[in-house]
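**Student:** Below are the structure tokens for one structure; questions will follow.
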Amino acid sequence: MADFRNIPEPNYEYDIDELTRAYREAVTDIQDELTRTDLTDLSRGKAQSVLAQVTVILGRLTKKSFDWVKRVIPSAAIGGVMRTLMALGLAKTPEEAREKAKLNRMNQNMVAAAVADTQNDLLAVSNNIDRRVRAAVRRAVGDVMRANMAKGVNGTRTLSTDVLARVRKELGDAADNAIIDARGRRWKVETYVDMVARTKTMYAHTEATMNEALGRGVLYGIVSSHGAKDACRFHEGRIIRLTDEGDANYPTYEQLRSSGQIWHPNCRHTVSPVRRPDNLPERVRDKATQQAEIGDKALATGKRNPTDVE
Ligand SMILES: [Zn+2]
């Protein structure tokens, strides 16, 4: 029987850093572009050329993020397949698992959908930045024109520093304060992209784990434990069904996921497939029984995880 402690937890920090850095740099480049613009005689023509630069920066960002998704999502799925091979004792080491890991038909479909979905989420981020920057630049042109007109009337030679400072700040904020989620919360671009990357890679990992297990006729899994502090902790170490099939005493993955208590955005929990729950070592089974009781009570409260964002 596999010892689940030996299966490495997925770690995509390096990749996630790479993606968030790309967004951070693009936001900074756009802010630099806006800061360099001389506001004192901001014309429509000048605004157009600034916006053209912004389009170039965002185009490069989109290309980079799409390539990232095409590389990292399939690799996260392979990680999930490796988890299954090790959990079922079909590979002894991560190296052996990597050698044997292939995406079955279900996983190929899952990966294609997850790639498209993640690319869409990231595209929405750059579209959002684009929209806000355009609106801010348009407002700035209007503000500067009005202020210049007033200047002529008042006979003063320069734009008031108040107007300049306000326009400057609006332009600066436009690039970075861009994302509002379904619950109306505002996210910094970088924090949002980090959440999307983390959530989608873990999703691909876990779905691939389960698809590989189901392809091998395995119906159960055990939830990972790392001493979570949020509502996930109620479900750590319990046994679940991967689909509707199997012993109905165990909740399904979907039931737990849709409760919003575990497998929420940014969640690090995984599932390790188990062919016969009866055959698990006693200590693992005891903990699972204990956690089933705690977990069912938590489910009955209907409370969602506070870190859940959807
Ligand atoms: Zn979790």
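The values are calculated or read from the model by the stated rules, or taken from the named source; none is laboratory data. All figures in this text were calculated on a predicted structure; none of them were measured in a lab. Cβ placement follows ideal geometry from the backbone for every residue including glycine, while neighbour counts extend to all protein chains displayed. SASA here: full protein model, heavy atoms, side chains in, ligands and nucleic acids out. Shrake-Rupley method; radii C 1.70, N 1.55, O 1.52, S 1.80 Å.
**Student:** Counting pairs of Cα atoms in the chain, how many percent are more than 38 Å apart?
**Tutor:** Every Cα pair in the chain considered, those over 38 Å come to 31 percent.
**Student:** Moving on. Order Tyr203, Tyr23, Tyr14, most accessible first, counting only protein heavy atoms with a 1.4 angstrom probe.
**Tutor:** Reading off the accessible areas and sorting them downward yields Tyr14, Tyr203, Tyr23.
**Student:** Report, in listed order, any pair from Lys64/Lys102; Lys70/Lys229; Lys92/Lys229; Lys229/Lys287; Lys63/Lys102 with a Cα-Cα distance greater than 23 Å.
**Tutor:** Long pairs (Cα-Cα over 23 Å): Lys64/Lys102; Lys70/Lys229; Lys92/Lys229; Lys63/Lys102.
**Student:** Also: At a probe size of 1.4 Å, how large is the accessible area of Thr55, to the nearest 10 Å²?
**Tutor:** Spelled out: Thr55, probe radius 1.4 Å, area about 70 Å².
**Student:** Taking Cα atoms, how many degrees apart are the long axis of helix 13-36 and the longest axis of the chain, rounded to 10 and kept between 0 and 90?
**Tutor:** Roughly 10 degrees between the two axes.
**Student:** Write down the accessible area per residue of the stretch 219-301 in Å², having rolled a 1.4 Å probe over the full set of protein chains. Present the calculation step by step, with values, prior to reporting the outcome.
**Tutor:** On the way: 4080 Å² over 83 residues.
For the stretch 219-301, the per-residue accessible area is 49 Å².
**Student:** If you don't mind, another one. Kirkwood Rh over alpha-carbon pairs of the stretch 60-118, then Stokes-Einstein at 20 °C and 1.002 mPa s: what D in µm² s⁻¹, rounded to an integer?
**Tutor:** Taking Rh from Cα pairs, D becomes 175 µm²/s.
**Student:** Just the number, please: carbon plus sulfur as a percent of the accessible area of the chain, 1.4 Å probe, no ligands or DNA/RNA counted. Don't skip to the end; give the middle numbers.
**Tutor:** Numbers: 8140 of 16080 Å².
It is 51 percent, rounded to a whole number.
**Student:** Which is farthest toward the positive dipole end of the stretch 1-71 among Ala26, Ser65, Leu51, measuring Cα position about the Cα centre, with Cβ charges +1 (Lys, Arg) and -1 (Asp, Glu)?
**Tutor:** Comparing the listed Cα positions along the dipole, Leu51 ranks first.
**Student:** Please report, in cubic angstrom per residue, the volume enclosed by the convex hull of the alpha-carbon atoms of the stretch 258-310.
**Tutor:** 101 Å³
**Student:** Further, regarding this structure: Checking the cross-link filter: which lysines have an alpha carbon closer than 30 Å to that of Lys151, excluding same-chain neighbours under 8 positions apart?
**Tutor:** Here the lysines satisfying the reach criterion relative to Lys151 are Lys46, Lys169.
**Student:** Over the stretch 219-301, with a single point scatterer placed on each C-alpha, what log10 of the ratio I(q)/I(0) does the Debye formula yield at q = 0.15, 0.17, 0.22, 0.27 1/Å?
**Tutor:** So the normalised log intensities work out to -0.46, -0.60, -1.04, -1.58.
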